[in-house]
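Throughout, read-outs are computed from the coordinates displayed, never taken from laboratory work. All values derive from a computational prediction rather than experimental measurement. Note: ideal-geometry Cβ built from the backbone for every residue, glycine included; neighbour counts use all protein chains shown.
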Amino acid sequence: MDKSVISIESVAITFSQNLISKGFTKRSLRYFRPYQCSGVIYTNREVLGLVLMGELLIKIEDSQSIFEQGGEFFLPSNVYFQATAGDNGAHFLFARQRV
């Protein structure tokens, strides 16, 4: 294996280890099928996430962003958002801010 390439597993481990120091709760793992949508969700706490496989489209108000494998996303508190998986679905980790 080429040591200059960082595996997604090592990125996920580092992400998980840094959550507590950043003030977030234990992570959760989610799987979305291709084009699966979360529906509109309200979050009253900040959310930090990491896409492990596939891609995830996140819409907040009038803006949207696509996050691919290895991409980290952030959702501010007190917003409505919607997450939708891409062509190949999405596997992602996320954690909410501690209260």
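Just a few scattered comments:
- Relative to the Cα centre, the charge distribution of region 8-96, modelled as +1 at Lys and Arg Cβ and -1 at Asp and Glu Cβ, gives a dipole magnitude of about 420 debye.
- For region 9-70: rounded, prolate or oblate by the Cα gyration tensor [a/c cutoff 1.5]: oblate
- The residue among Gln69, Val99, Leu29 whose Cα reaches farthest toward the positive pole of the charge dipole of the chain, with charges on the beta-carbon of Lys, Arg, Asp and Glu, is Val99.
- Phi-based couplings in Hz for region 8-17 (Karplus 6.51, -1.76, 1.60; Gly and Pro marked x): 5, 4, 5, 5, 5, 5, 4, 4, 4, 5
- Part-to-part distance (alpha-carbon centres) for region 61-99 and region 16-53, which is given in Å: 7
- The amide H of Gln36, built 1.01 Å from its N in the peptide plane, has Ala85 as neighbours under 5 Å, considering only residues 5 or more places off or on other chains.
- Region 8-96, relative contact order [Cα under 8 Å, separation at least 6], %: 41
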